[in-house]
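**Student:** I'd like to ask you about the structure that follows.
The values are calculated or read from the model by the stated rules, or taken from the named source; none is laboratory data. For clarity, every value in this text was computed on a predicted model and none was experimentally measured. All Cβ positions, glycine included, derive from the backbone under ideal geometry; neighbour counts span all protein chains shown.
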Amino acid sequence: MRKELVDIKEGGVLRAPRNEVLLAGRVSSAPVERELPSGDHVLEFRIVIDRAHSRSEKREVDTLDIAVWSAKVRRSAQRLAVDDWVEIIGSVRRRFWKSPSGVASRWQVEASQLHKL
């Protein structure tokens with residue numbers, strides 16, 4: 001990739017683009033571990049995050065799907081329960097798979113670190 005496509009000028013400092021998120025929210029579904037046909041294991045759950053700035057006076061939240069692939073982080077995530085508060089560091093990913101109606105996809109956060117709050 002050419003350098004001018006990789007670097008972003010930000011406040012006088014040259015920074016490379018990156019896909020990294022920091023989330024803090026409440027666990028809204030119990031973690032479920034699955035074994036994929038490839039033999040890989042993934043643990044998935046959801047978190048709910050209040051929106052800091054709502055468009056209305058009504059409380060608004062975002063619900064995000066979390067995937068955990070690392071064995072070490074999966075062990076930590078297995079101990080989570082609904083209503084636990086958690087901090088997650090990870091990356092946004094779009095997953096694709098074959099479904100009966102064709103190729104399907106969804107966005108999720110792939111957690112690389114997880115801390116119960």
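**Student:** Would it be correct to say that Lys72 is out of contact with any strand residue (DSSP E or B) (no Cβ under 9 Å at 6 or more places or on another chain), closer than 18 Å to Glu35 by Cα, outside any loop (DSSP other than H, G, I, E, B) and not aliphatic (A, V, I, L, M)? Lay out the reasoning, then the answer.
**Tutor:** Values: out of contact with any strand residue (DSSP E or B) (no Cβ under 9 Å at 6 or more places or on another chain): yes; closer than 18 Å to Glu35 by Cα: yes; outside any loop (DSSP other than H, G, I, E, B): yes; not aliphatic (A, V, I, L, M): yes.
Taking the combined requirement at face value, the residue satisfies it.
Residue-wise test of (1) in contact with a Phe, Trp or Tyr (Cβ under 7 Å, 6 or more places away or on another chain); (2) of a type in the set (Ser, Thr, Tyr); (3) in a strand (DSSP E or B); (4) modelled with pLDDT under 95.
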residue: Val27; (1), (2), (3), (4): yes, no, yes, no
residue: Pro37; (1), (2), (3), (4): no, no, no, yes
residue: Leu43; (1), (2), (3), (4): no, no, yes, no
residue: Ile47; (1), (2), (3), (4): no, no, yes, no
residue: Ser54; (1), (2), (3), (4): no, yes, no, yes
residue: Arg59; (1), (2), (3), (4): no, no, no, yes
residue: Ile66; (1), (2), (3), (4): yes, no, yes, no
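**Student:** Would you please list the contacts, defined by Cβ atoms under 9 Å and residues six or more apart or on different chains, that run from a residue in region 76-104 that is within 16 Å of Pro37 (Cβ to Cβ) to a residue that is of a type in the set (S, T, N, Q) and loosely packed, with under 12 Cβ neighbours inside 10 Å?
**Tutor:** Arg95/Ser105; Phe96/Ser105; Trp97/Ser105
**Student:** I've got another one for you. If I go through region 83-116 residue by residue, how many of them are of a type in the set (A, V, I, L, M, F, W, C) and either in contact with a Leu (Cβ under 6 Å, 6 or more places away or on another chain) or closer than 23 Å to Asp50 by Cα (or both)?
**Tutor:** As a first pass, look at region 83-116 and keep what is of a type in the set (A, V, I, L, M, F, W, C): 85-86, 88-89, 92, 96-97, 103-104, 107, 109, 111, 114.
Those left that are additionally either in contact with a Leu (Cβ under 6 Å, 6 or more places away or on another chain) or closer than 23 Å to Asp50 by Cα (or both): 85-86, 88-89, 92, 107, 109, 111, 114.
Adding up the residues that qualify gives 9.
**Student:** Pull out all pairs, ordered by first then second residue, where Cβ-Cβ is under 7 Å, the residues are six or more apart or on different chains, the first lies in region 42-56 and is of a type in the set (A, V, I, L, M, F, W, C), and the second is part of a loop (DSSP other than H, G, I, E, B) and surrounded by 12 or more Cβ atoms within 10 Å (Cβ to Cβ).
**Tutor:** Close Cβ pairs (under 7 Å, with a partner that is part of a loop (DSSP other than H, G, I, E, B) and surrounded by 12 or more Cβ atoms within 10 Å (Cβ to Cβ)) amount to Val42/Trp69; Phe45/Leu80.
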